[in-house]
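See below for the structure under consideration.
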Amino acid sequence: MRYMFCSCKGTFGRAKCKKIDLPHAVCAANVTPLKSSFTNGSIFMIINFEQVHNYFERLVFEDVARLSVDYPDYTADMLADVACVALNRLPPRYVRHDVDMMFYLTEKERHNLEDAIHEALDFSFNFVGQRMAKRIRTA
């Protein structure tokens with residue numbers, strides 16, 4: 001997702017720029033990424049947010065897929081719920097590149113993150129399983 005920043009308003013607003021006839025937020029397909037241009041005194045800068053992601057997402061998704069063989073009764077929807085519950089139990093860590101996160105962590109911090117993911121997944125699989133069992137009993 002790319003956004004255009006207009007200096008005449010100083011925001012990412014959706015209204016048209018008063019200095020030139022361009023919307024403040026411009027579709028990424030119509031704009032050259034990460035390029036600045038000067039038009040009628042306004043400065044436009046394209047900002048690329050496509051690489052920004054929660055560091056834990058990929059790790060949790062991979063672990064849910066790997067552990068799913070131990071939970072053969074879980075449906076695809078239940079496994080997605082497990083991932084959501086686990087991610088909500090972990091602190092968000094937004095990065096552009098996973099290596100950025102790993103570069104600044106000590107071995108102890110890496111181990112703590114692995115433990116936190118493991119605990120979140122244990123809780124999540126149990127939580128989703130209990131909720132499904134409760135639904136079946138009440139149905």
* Structure fact -> Filtering the stretch 98-115 down to residues that are basic (Lys, Arg) and either loosely packed, with under 12 Cβ neighbours inside 10 Å or within 30 Å of Ile47 (Cα to Cα) (or both) yields Lys108
* Asked: Considering only residues of the stretch 64-104 that are acidic (Asp, Glu) and under 29 Å from Asn48 (Cα atoms), which is nearest to the chain's Cα centre (by Cα)?
  -> Asp98
* To do: Evaluate the stretch 90-97: report whether one residue or more is assigned to a helix (DSSP H, G or I), without any contact (Cβ under 8 Å) to a residue 60 or more places away in the chain and surrounded by 12 or more Cβ atoms within 10 Å (Cβ to Cβ).
  => no
* To do: Tell me which of these Ala86 doesn't satisfy, since it passes every other one: (1) farther than 26 Å from Ile136 by Cβ; (2) modelled with pLDDT of 95 or more.
  => (1)
* To do: Please verify whether the stretch 122-138 includes one or more residues that are modelled with pLDDT of 90 or more, closer than 25 Å to Gln51 by Cβ, small (Gly, Ala, Ser) and surrounded by 12 or more Cβ atoms within 10 Å (Cβ to Cβ).
  => no
* Across the stretch 50-77, which residue is surrounded by the most Cβ atoms within 10 Å (Cβ to Cβ) among those that are assigned to a helix (DSSP H, G or I) and touching a Phe, Trp or Tyr at 6+ places or on another chain (Cβ under 8 Å)? -> Tyr55
* Subset tally (residues that are free of Cβ contacts under 8 Å to residues at least 60 places away in the same chain, among the hydrophobic types (A, V, I, L, M, F, W, C) and part of a helix (DSSP H, G or I)) for the stretch 98-120 -> 6
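The values are calculated or read from the model by the stated rules, or taken from the named source; none is laboratory data. None of the values given here were measured: they were computed from a predicted structure. Virtual Cβ from ideal backbone geometry, glycine too; neighbours counted across all protein chains shown.
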